[in-house]
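The values are calculated or read from the model by the stated rules, or taken from the named source; none is laboratory data. Keep in mind that what you see is a predicted model, and the values were worked out from it rather than measured. As a convention, Cβ positions derive from the backbone with ideal geometry for all residues, glycine included, and neighbour counts pool all protein chains shown.
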Amino acid sequence: MGSVLRNLRPDRNAKGTGTAVTERSQAQADVDRFWSRFGWWVSGVWIIFLIYPTLTLLQGDFPVALRVLGLSLILVYAAAYLRGYGRFSWTVGHGGSGSFEVYAYFGIMAAIMFASIPILHDGALGLLPFLTSYSAFLLKRKVMYVTYAVALVLSFGLPLAYGVFLQQLFLTGLNVMLMVIYFVTSGTIRRAVAADMIKDEFLVLSEQERMARDVHDGVGHSLTALNLKAQLALRLLDEGEVQKARSEVEQLSELALTALDSVRTTVHGMARADLEGELQALAQVCADSGIEFNVVGRAEAIPQALRSHVSWIVRESLTNVLRHAHASGVWVGLSEQMLSIDDDGDGLQNAKEGHGLRGMRERARLFGASCTVGESKLGGTSIRIDFGATGADA
């Protein structure tokens, strides 16, 4: 009993913490970390467009002091742009940031652009792509719409005001084209993030349903049987049937262990090690139970995106073998396209499909794989999980 209770504790040395839900959360954290570290670099490639206002200052007939001032403002403009992206690019796709800091950098850029118009005249158009990009990816949609409206007015108004519309037609067209690209790209990213959030919610609901099903089918059944056995034992004691009552109490103990095992399985379904660690743990469990455990292939052969699912299915399958199969050996095959689990136990023998097999089928369906359960050539049960196109794309 003590060993069963100890198994209910989470392993502090486990390398992983979870299900497909936590794995997706970790994946999103990795994406956010990438943007936090390299967002400034991704946005920095567009600094090349500052060549237009820079050349205007260098080639124009400006006093030295004004030229130095203009170049200094362009440097501050570039610094605010890169700093803003570096600090807040992780919010790309999340509807824009409401932070005061992100708007402060935007305000600095806007102020410099408007201040440069008396100096650069129509050359200030070279600063517009940075403002429209910044607003499209980092700011709220309402702010982006206002920025776009002002940018359109300036794109056409400045060349017309200075009588160089035809000469600046390329730069005007470039600004408009970039605005469209930013708008479409940011909208696509927003929709992709929203779709991922919906998928995350679906995974959470799926895990909740799985836990409810496991508790109902496993623990619920055991507790019902415990109640009936306890009532029978009490009635036998009242009738003086001490030996029969003792037998029922012994069965009560076995049922309690079964219920604890069901709880352990449910808990381990929420907190697991990585696939390699899972295989090592299962090998030890099989060794303790006198069952030969063989693995053909390597855990690295399984696509990274599928390993949490494969780990869960292998664990659930081995749990069924340990409980019901009376097997002397288990063989697990791992490849890029398939997971196979065979044992030499009793086989299905027309047994009713329990919640374990149903859970494996649903887990396989969750990541687009097929699950086939049949008779193994070894005499026991054979389980095949065919990844198909999912494995190729993962």
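Considering only residues in the stretch 54-71 that are in a helix (DSSP H, G or I) and of a type outside the set (A, V, I, L, M), the one that is surrounded by the fewest Cβ atoms within 10 Å (Cβ to Cβ) turns out to be 59.
State whether the residues of the stretch 113-127 include one that is in contact (Cβ under 8 Å) with a residue 40 or more places away in the chain, buried (at least 22 other Cβ atoms within 10 Å of the Cβ), of a type in the set (S, T, N, Q) and part of a helix (DSSP H, G or I).
Yes, because at least one residue in the stretch 113-127 is in contact (Cβ under 8 Å) with a residue 40 or more places away in the chain, buried (at least 22 other Cβ atoms within 10 Å of the Cβ), of a type in the set (S, T, N, Q) and part of a helix (DSSP H, G or I).
Output the residue which, of all residues in the stretch 300-349 that are within 22 Å of residue 258 (Cβ to Cβ) and polar (S, T, N, Q), is surrounded by the most Cβ atoms within 10 Å (Cβ to Cβ). Top of the filtered list is 317. Filtering the stretch 147-166 to residues that are crowded, with 16+ Cβ neighbours inside 10 Å and without any contact (Cβ under 8 Å) to a residue 12 or more places away in the chain leaves only 150. Candidates are the residues of the stretch 145-204 that are within 19 Å of residue 93 (Cα to Cα) and aromatic (Phe, Trp, Tyr); the one that is farthest from the chain's Cα centre (by Cα) is 148.
Please tell me if residue 155 is in the same structural domain as residue 88 (by TED's automatic domain parsing), modelled with pLDDT of 90 or more and either touching a strand residue (DSSP E or B) at 6+ places or on another chain (Cβ under 6 Å) or under 29 Å from residue 100 (Cα atoms) (or both). Spell out how you get there, then give the answer.
Values: in the same structural domain as residue 88 (by TED's automatic domain parsing): yes; modelled with pLDDT of 90 or more: yes; either touching a strand residue (DSSP E or B) at 6+ places or on another chain (Cβ under 6 Å) or under 29 Å from residue 100 (Cα atoms) (or both): yes.
Yes.
When the criteria are applied in full, residue 122 fails the requirement of being of a type in the set (Asp, Glu) and under 30 Å from residue 312 (Cα atoms). Here 130, 88 are screened, and the one residue that is at pLDDT below 90 and crowded, with 21+ Cβ neighbours inside 10 Å is 88.
Taking the criterion of being modelled with pLDDT of 75 or more, in a helix (DSSP H, G or I), among the hydrophobic types (A, V, I, L, M, F, W, C) and under 23 Å from residue 359 (Cβ atoms), would at least one residue in the stretch 263-280 satisfy it? Yes.
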